[in-house]
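Here the structure comes first, spelled out in structure tokens, and everything after it is commentary.
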Protein chains: 2
Amino acid sequence: MIGSLEFKESTHPMSLTALKRQPAEQLATEALKESILAGDLKPGERLTEAALADQFAVSRGTVRTALHQLSRDRLVVLTPYTGWAVATIDRQDLWEIYTLRSSLERLAARLAAERMNDDGRARLAGVRDAFFAACERADVAVAVDSDFSLHRTIVELSGNRRLLDQYLMVEQQIRLFINSTYASAPNLSVAIAHHSPIVDAILAGDGEAAAGHSEHHVLSEGERVLAMVDHAG
Amino acid sequence: MIGSLEFKESTHPMSLTALKRQPAEQLATEALKESILAGDLKPGERLTEAALADQFAVSRGTVRTALHQLSRDRLVVLTPYTGWAVATIDRQDLWEIYTLRSSLERLAARLAAERMNDDGRARLAGVRDAFFAACERADVAVAVDSDFSLHRTIVELSGNRRLLDQYLMVEQQIRLFINSTYASAPNLSVAIAHHSPIVDAILAGDGEAAAGHSEHHVLSEGERVLAMVDHAG
DNA sequence: TCATGGTCGATTGCTGACAATCGACCATGA
DNA sequence: TCATGGTCGATTGTCAGCAATCGACCATGA
């Protein structure tokens with residue numbers, strides 16, 4: 001078994017990516033990103049390069065590169081010669097995020113519907129079923145994850161890598177907001193009714209309907225979040 | 001004349017923004033970006049950190065940070081432990097870029113129309129007039145720049161900073177493609193007819209019409225570029 | 001009491017040097 | 001002729017240290 005590792009490339013081509021050596025810069029970027037998205041580091045919290053370097057056991061330069069990467073995703077902000085901080089998200093930010101997301105998902109749903117094939121149908125149906133099952137079990141934690149997975153799968157099925165890149169940036173900021181404010185609490189009872197039309201249209205290859213349903217769903221979700229912020233302060 | 005350069009800052013208070021100290025990292029990023037977008041560095045061309053550091057008279061670490069920034073914009077690509085190269089753009093890339101752009105501009109046009117006010121109207125009309133004038137003069141160089149300015153202005157008027165960020169990424173990649181393949185040559189005779197409906201709808205505050213015209217314009221432009229690539233090889 | 005100016009610690013900005021890795025080349029032998 | 005293994009130059013990956021800058025604190029004096 002161990003000896004077979006040498007032949008991994010020929011016998012298990014899927015695991016080839018695992019062999020690729022990951023520079024510490026990338027590892028540090030991922031670790032820091034997870035710390036932020038998981039809510040360990042709250043929005044507005046100060047970050048010092050030296051402390052992070054110590055925590056991750058790498059050099060300050062490496063941490064610096066990672067911070068610069070995350071600043072491009074608007075997860076951290078830099079005040080020159082002063083310091084880094086986890087990004088904060090106000091009402092204007094939420095409006096920007098959800099209007100932009102509605103546009104990206106509208107395109108993704110249309111493209112996914114137009115390019116749909118048997119493999120894509122099986123994959124999308126599988127993710128949908130897992131999401132709906134979690135909703136019926138009222139398993140909030142799993143449902144929230146599955147919700148993200150479903151939307152992300154649609155974007156992946158669009159076949160547009162740049163669209164996926166930009167969508168992931170938006171998704172990260174939503175996760176940052178949710179995990180820092182405990183504002184998740186989706187209405188699981190209506191989640192199935194809200195997502196079914198989107199998935200059905202994509203599975204049926206109806207790009208126009210998929211685009212409309214998707215855009216509308218994200219916009220109404222955005223209004224729900226904004227209303228919640230306005231109410232809770 | 002030369003001596004007056006020293007007093008630029010005090011005699012021209014408008015250049016206060018120029019007083020803001022720009023870290024060399026940012027200067028290097030901008031300079032490198034311009035070299036790529038201007039076509040001095042062609043797609044696929046190898047970039048070595050040491051050579052760039054020597055050229056810009058900064059350290060390798062600074063150049064490295066700049067390269068990482070540009071890699072997030074897909075202007076350069078890094079092969080670990082091997083080297084950097086200016087990004088190449090193939091047919092799939094062009095499809096991704098123009099479908100994504102159509103979606104972003106669709107949203108921008110709608111938002112710009114919905115938020116339109118007197119200041120915005122004056123600004124948009126001014127940019128439009130400059131563009132149309134260049135078209136009538138058959139001034140290709142100015143027309144190409146004005147074309148970008150017009151589209152960018154609409155996105156800026158949307159009031160969505162994240163939308164602007166993502167649009168600028170797409171715009172940069174289009175400039176990279178155009179300036180490296182001399183594929184500009186827009187049809188100036190129809191440019192006015194193609195852009196008028198978009199601008200008119202935005203000025204009139206008709207978001208739905210602006211969105212439709214904008215999306216359609218970019219998609220047809222994308223098809224034109226793809227056809228040109230297929231024909232010219 | 002309040003404005004002013006200076007000092008100091010903390011943090012980022014930047015650099016040069018060393019280690020790790022890769023791709024090309026070449027010698028070797030069947 | 002071709003496969004094999006090793007060597008070497010080139011390039012990126014990483015690090016520790018010094019310089020530049022900022023914000024807070026404090027002493028001073030009107």
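The values are calculated or read from the model by the stated rules, or taken from the named source; none is laboratory data. Because the structure is a prediction, the values reported are computed rather than measured. Positions of Cβ are backbone-derived with ideal geometry, glycine not excepted, and every protein chain shown enters the neighbour counts. Surface accessibility is based on the protein's heavy atoms, side chains included, excluding ligands, DNA and RNA. Shrake-Rupley method; radii C 1.70, N 1.55, O 1.52, S 1.80 Å.
Total residues in the range A:70-88 satisfying the condition of being in contact with a helix residue (DSSP H, G or I) (Cβ under 7 Å, 6 or more places away or on another chain) and assigned to a helix (DSSP H, G or I): the figure is 2. In the range B:145-190, the residue that is nearest to A:Leu104 (Cα to Cα) out of those that are open to solvent by less than 30 Å² (accessible area, probe 1.4 Å) and not in a helix (DSSP H, G or I) is B:Asn160.
Only one entry of A:Gly120, A:Gly159 meets the criterion of being closer than 15 Å to A:Gly207 by Cβ and within 14 Å of another protein chain (Cβ to nearest Cβ), and that entry is A:Gly159.
Please work out if B:Gly83 is more than 12 Å from chain A (Cβ to nearest Cβ), surrounded by fewer than 21 Cβ atoms within 10 Å (Cβ to Cβ), within 26 Å of B:Thr181 (Cβ to Cβ) and within 16 Å of DNA strand D (Cβ to nearest atom). So B:Gly83 passes the test. For the subset of the range B:24-36 comprising residues that are within 15 Å of DNA strand D (Cβ to nearest atom) and more than 14 Å from B:Ala87 (Cα to Cα), which member is surrounded by the most Cβ atoms within 10 Å (Cβ to Cβ)? Once the filter is applied, the top-ranked residue is B:Ala28.
Kindly check whether there is at least one residue in the range A:58-79 that is small (Gly, Ala, Ser), closer than 26 Å to A:Leu226 by Cβ, in contact (Cβ under 8 Å) with a residue 40 or more places away in the chain and away from DNA strand D (no atom under 14 Å from the Cβ). No, the conditions are met nowhere in the range A:58-79. Of all the listed residues (A:Leu100, A:Leu94, A:Leu78, A:Leu111), the sole one being over 30 Å from A:Ala53 (Cβ atoms) and in contact with a Ser or Thr (Cβ under 8 Å, 6 or more places away or on another chain) is A:Leu111.
Name the single residue, out of those in the range B:37-69 being away from DNA strand C (no atom under 13 Å from the Cβ) and part of a loop (DSSP other than H, G, I, E, B), that is most open to solvent (accessible area, probe 1.4 Å). Restricting to residues being away from DNA strand C (no atom under 13 Å from the Cβ) and part of a loop (DSSP other than H, G, I, E, B), the top hit is B:Asp40. Taking the range A:61-70 as the range and being more than 9 Å from chain B (Cβ to nearest Cβ) and either under 18 Å from A:Glu45 (Cα atoms) or at pLDDT 95 or above (or both) as the test, the residues that pass are A:Val63, A:Ala66, A:Leu67, A:Leu70. Checked against (1) within 13 Å of chain B (Cβ to nearest Cβ); (2) in a helix (DSSP H, G or I); (3) aromatic (Phe, Trp, Tyr), A:Phe132 passes all but condition (1).
Within the span defined as the range A:110-120, one or more residues are assigned to a helix (DSSP H, G or I) and closer than 16 Å to A:His217 by Cα. Has the range B:17-24 got at least one residue that is away from DNA strand C (no atom under 13 Å from the Cβ), of a type in the set (Val, Ile, Thr), more than 9 Å from chain A (Cβ to nearest Cβ) and without any contact (Cβ under 8 Å) to a residue 24 or more places away in the chain? The answer is yes, given that some residue of the range B:17-24 is away from DNA strand C (no atom under 13 Å from the Cβ), of a type in the set (Val, Ile, Thr), more than 9 Å from chain A (Cβ to nearest Cβ) and without any contact (Cβ under 8 Å) to a residue 24 or more places away in the chain.
With respect to the conditions (1) within 14 Å of chain B (Cβ to nearest Cβ); (2) within 16 Å of DNA strand D (Cβ to nearest atom), A:Ala113 lacks only one, and its number is (2). Considering B:Ala193, B:Ala141, B:Ala201, the condition of being open to solvent by less than 30 Å² (accessible area, probe 1.4 Å) and assigned to a helix (DSSP H, G or I) is satisfied by B:Ala201 alone.
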